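Read through the structure below, which is laid out as structure tokens, and then see the notes.
Computed from the coordinates by the stated procedures, all read-outs in this text should not be read as laboratory data. Quantities reported herein were computed from a predicted structural model and do not represent experimental measurements. Neighbour counts run over all protein chains shown; Cβ positions are idealised from the backbone, glycine included.
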Amino acid sequence: MTAAVPAGPRRSSLRVASVPFSAPYVDAVLPADAVRVGPPTMPSPWLDPDHLLASAADVDVLHVHAGYEGMSARQLEAWTAAVRRSGVPLVVTVHQLRAGRDGSRSRSRFQLRALLATAEVVLTLTPGAADEIADRFGRTAIVVAHPSLAAPTPGIGRETRLVGLHLGSLESQAPEAAGLVRGALSGALSGGGRLRVDVHPGVDPAAGFPELLALADAGDLELHRSTPRTPAEWVRHLQEVHVSVLPDLALSHSSWVELCRDAGTRVVIPSGGHQAGQWSDVVVYGSDAATGLDPTSLSTPVVAALTRPSPGRVDAVWRAEQRDAVRAVHAQVYEQVAADRVPA
């Protein structure tokens with residue numbers, strides 16, 4: 001389900017308060033002529049009812065992407081009441097439709113219901129997510145593509161049949177980390193390849209994942225320590241591997257898919273979210289946050305990904321045009337809701 005935004009006369013320099021103030025996706029979709037309203041602190045002061053009411057005259061549009069996940073029902077009710085009293089039009093982009101790994105499903109449902117009931121316009125990233133929003137919350141969502149976050153780095157070579165699994169700090173993938181490693185390793189070996197597992201430099205696998213060290217010591221996999229921070233660093237990292245396994249089962253959408261697309265790297269994703277709607281050239285394994293990880297479901301998709309050629313470097317001109325189109329949709333939405341604003 002996709003809604004169109006009517007074009008109309010443009011107002012320049014609309015003042016937009018984004019929550020969070022800055023993030024790779026937020027920065028990528030913000031129209032070039034929008035004035036970003038701070039302060040750039042976390043948590044965002046725009047989620048404080050007192051700050052919102054006191055500063056309502058300083059902003060034309062409030063756009064929430066994330067940051068509300070830790071708010072209680074009482075806090076969110078107070079904040080949405082303040083949004084309505086302030087007269088500031090609220091735009092919400094739904095990135096995540098399920099509770100995160102450590103979150104409460106009932107609280108997540110309440111949070112989304114409260115946000116979407118208050119929003120003037122709802123955006124999301126895939127048609128499947130828009131359909132789910134319509135079914136669960138009765139709201140029509142405008143579907144906008146996830147834009148490119150970084151260009152590939154010239155001269156970075158890809159190792160054919162190298163499978164990459166980045167576990168980060170390990171905690172975010174627990175308790176599935178061992179199963180992810182076993183499934184990815186089985187697929188890599190069956191496909192005639194090798195497995196590279198990355199963890200953050202500060203992680204001590206001996207404390208939380210001794211099996212990983214044992215496999216590395218036995219030469220069954222490569223254990224690397226890396227901490228890419230920016231989208232450009234992540235794309236550079238992904239350019240080195242043939243296949244990347246997305247480890248997080250709880251995501252509805254994922255910037256990782258877009259980073260792999262920009263890197264020209266085959267990506268293997270869990271089936272539970274809507275990531276397959278972001279890019280058709282993916283391989284899916286059958287695990288999600290509700291059912292947990294079945295390691296045996298990962299091996300065959302990794303083999304399939306290894307036996308396919310790399311998807312090829314993305315067309316930079318097309319990605320730039322796509323980003324411009326996404327920004328244009330945001331500009332039209334901001335113009336529409338700002339024009340309809342009713343003073344408090």
5 Å is the cut-off here: which amide hydrogens, built 1.01 Å from N in the peptide plane, fall below it relative to His224, excluding neighbours closer than 5 in sequence? Val197, Asp198, Val199
Considering the chain as a Gaussian network with a 10 Å cut-off on Cα pairs, which listed residue, Gly87, Gly286, Gly208, attains the greatest mean-square fluctuation? Gly208
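Only Lys, Arg, Asp and Glu count, each charged at its Cβ (+1, +1, -1, -1), so figure out the dipole size of the chain about its Cα centre, rounded to 20 debye.
Numbers: 31 positive and 35 negative charges, 100 e Å.
Here the chain has a charge dipole of around 480 debye.
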Report, by chain and number, residues whose modeled amide H sits under 5 Å from the one on Ile142, excluding near sequence neighbours (fewer than 5 apart, same chain). Ala3, Val122, Leu123, Thr124
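Based on other C-beta atoms within 10 Å, arrange Ser106, Ser252, Ser271 from fewest to most.
On the way: Ser106 10, Ser252 21, Ser271 15.
Going from least to most buried by this count: Ser106, Ser271, Ser252.
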Taking amide H positions as placed in the peptide plane 1.01 Å from N, state which residues far from Arg266 in sequence (5 or more) or on other chains have amide H under 5 Å from it. Ser244
Go through [x] 38, 22, 18; [y] 59, 20, 15; [z] 66, 19, 18 and flag the label whose value is the computed semi-axes √(5λ) of the Cα gyration tensor in Å for this structure. [x]
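Counting other beta carbons within 10 Å of each residue's own, what order do Ile142, Ile156 fall into, fewest first? Don't skip to the end; give the middle numbers.
Working: Ile142 20, Ile156 13.
Ranked by crowding around the Cβ, least crowded first: Ile156, Ile142.
Report the net charge of residues surrounding Pro309, where surrounding means a beta-carbon distance below 13 angstrom and charges are Lys +1, Arg +1, Asp -1, Glu -1. Spell out each step's value before the answer.
Working: positive: Arg158, Arg161, Arg266, Arg308, Arg313; negative: Asp281.
That sum, taken over residues with Cβ under 13 Å, equals +4.
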Would you calculate a helix-derived [θ] at 222 nm for the chain, using -39,500 (n - 2.57) for each DSSP H run of n ≥ 4 and dividing by the full residue count, to the nearest 500? -11500 deg cm²/dmol
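What is the antiparallel percent of DSSP beta bridges lying wholly in the chain, to the nearest 5? Show your work: numbers first, answer last.
Numbers: 1 of 37 bridges.
Bridges in the chain are about 5 percent antiparallel.
Compute the normalised compactness of the range 199-260: alpha-carbon radius of gyration over 2.2 N^0.38 Å, N being the residue count. Before the final figure, lay out each step's value.
Working: Rg = 13.5 Å, N = 62, 2.2 N^0.38 = 10.6 Å.
Normalised by 2.2 N^0.38 Å, the Cα Rg of the range 199-260 equals 1.28.
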Dipole magnitude of the range 222-280, debye to nearest 20 (Cβ charges: Lys/Arg +1, Asp/Glu -1, about Cα centre): 20 debye
GNM on the chain, C-alpha springs below 10 Å: top fluctuator among Gln75, Gln332, Gln275? Gln75
About its Cα centre, the range 159-307 carries a charge dipole, from +1 on Lys and Arg Cβ atoms and -1 on Asp and Glu Cβ atoms, whose size in debye to the nearest 20 is 300 debye
Debye log10 I(q)/I(0) at q = 0.18, 0.19 Å⁻¹ for the range 159-307, Cα point scatterers: -1.04, -1.18
Hey, in the GNM for the chain with a 10 angstrom Cα cutoff, which one of Thr265, Thr41, Thr118 fluctuates hardest? Thr41
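Over the chain, calculate the relative contact order: mean separation of alpha carbon pairs under 8 Å at least 6 apart, over the residue count, as a percent.
19 percent
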Share, in percent, of DSSP beta bridges within the range 159-307 that are antiparallel, nearest 5: 5 percent
